[in-house]
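The values are calculated or read from the model by the stated rules, or taken from the named source; none is laboratory data. For clarity, every value in this text was computed on a predicted model and none was experimentally measured. All Cβ positions, even for glycine, are placed from backbone atoms using ideal geometry, and neighbour counts span all protein chains on display. Surface areas here come from the heavy atoms of the whole protein model, side chains and all, with no ligands, DNA or RNA. Shrake-Rupley method; radii C 1.70, N 1.55, O 1.52, S 1.80 Å.
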Amino acid sequence: MLPRRTEEAMGALDGAILRTEQAIAESRDTIKDLRSERVTPTDLAELLTQTGKELETAADANGNPPIFRVIVEGERQTLSPALQDEVYRIARELLRNAFQHALARRIEAEIRYDNHLFRVLIRDDGKGMDPKVLKEGGQAGHWGLPGVRERAKQIGARLDFWSEAGAGTEVQLTVPVSAGSERPRDGSRFRLFRKTRSHEQQS
């Protein structure tokens, strides 16, 4: 193509280089995430708020960042450290996708506590996701969605996606009480909520 259609060839080459750079950057982030130590235990809402601020700062360098907020529904519970770590990493990756790819004006992270389920919802009002990507569970050369699906599976959780072109995307992570029977990579057992000292004394 190069001798006969130089501009078209250079455009194709530039596109290939850009996709390669994006794949390398995503691979580096994934490896860094796998090697990183477990996050310092703290309130999940605070962790997501901090993540949103960091992503807003990065987005501001390329234009006006979306408005971000964290919503908490129900009585706050203290998650077991191992479970909170996995939930946080899933939510962080979903937020990063929303900030980087959704072209959204608003992004929300909602945390819902009740007696039988724990849910985290990440929603945006952006361009929506390609139905083919949703159906196939990911995009060639990108590991974000397969990664969060694998993490959800490891903790016995369910991950549901809703998206429509021009109407945004919502992803819901649901962790049932039965997740207490799942084992993380280090062999310890997950528990949905960590018992408080007073509760342990009563039992």
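Things to note:
- When restricted to residues that are surrounded by 12 or more Cβ atoms within 10 Å (Cβ to Cβ) and in a loop (DSSP other than H, G, I, E, B), the range 157-171 contains 2.
- Taking the range 1-116 and the helices (runs of 4 or more DSSP H) fully enclosed by it, the elements with 1 or more residues that are under 21 Å from Met129 (Cβ atoms) and at pLDDT 75 or above are at 44-60, 81-101.
- Qualifying residue in the range 77-86 (condition: closer than 22 Å to Gly147 by Cα and without any contact (Cβ under 8 Å) to a residue 60 or more places away in the chain): yes
- Cross-chain or 6+ apart pairs with Cβ under 8 Å, the range 147-166 first and closer than 12 Å to Leu83 by Cα, then open to solvent by 40 Å² or more (accessible area, probe 1.4 Å) and in a helix (DSSP H, G or I): Gly156/Ser178; Gly156/Ser181
- Count - residues of the range 67-109 that are among the acidic types (Asp, Glu) and either open to solvent by 20 Å² or more (accessible area, probe 1.4 Å) or in contact with a Ser or Thr (Cβ under 6 Å, 6 or more places away or on another chain) (or both): 4
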